[in-house]
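*Asks:* Right, I'll just put the structure down here and ask away after.
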Amino acid sequence: MEIARDVGAVVLVLGLLGAAVWLLRRTGAALPRAFSLQAGRKARRLEAIERVALTPQHALHLVRFGRREMIVSTHPQGCTVLAGDGQAGPGTGA
């Protein structure tokens, strides 16, 4: 009888916790606005469009940053911008 009461209490607490998480996610109050999942979807500026593996350590990536697209090569020594609109920042290897 005591075990049933303990199990019932655990189930009740987990149910209340699940309901609270569901309610907070539904209202958007679970995370600060800066970390909100919905805000992240709207404000996404960097997108990996496609990746082609050349070897286990070498790959080509098609990346969109804002309205610009560029091809980036990754390798054990770092990364290199192979093609883009020429507006890449310093230190990109281009």
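*Asks:* Mind listing whichever residues of segment 2-26 are surrounded by 10 or more Cβ atoms within 10 Å (Cβ to Cβ) and of a type in the set (Gly, Ala, Ser)?
*Replies:* Gly8, Ala9, Gly15, Gly18, Ala19, Ala20 - these are the residues of segment 2-26 that are surrounded by 10 or more Cβ atoms within 10 Å (Cβ to Cβ) and of a type in the set (Gly, Ala, Ser).
*Asks:* It is to be established whether one or more residues within segment 37-48 are at pLDDT 80 or above and surrounded by 10 or more Cβ atoms within 10 Å (Cβ to Cβ).
*Replies:* Within segment 37-48, one or more residues are at pLDDT 80 or above and surrounded by 10 or more Cβ atoms within 10 Å (Cβ to Cβ).
The values are calculated or read from the model by the stated rules, or taken from the named source; none is laboratory data. Please read these numbers as outputs of a predicted model, since none were measured by experiment. With ideal geometry, Cβ positions are generated from the backbone for all residues, glycine too; neighbour counts draw on all protein chains shown.
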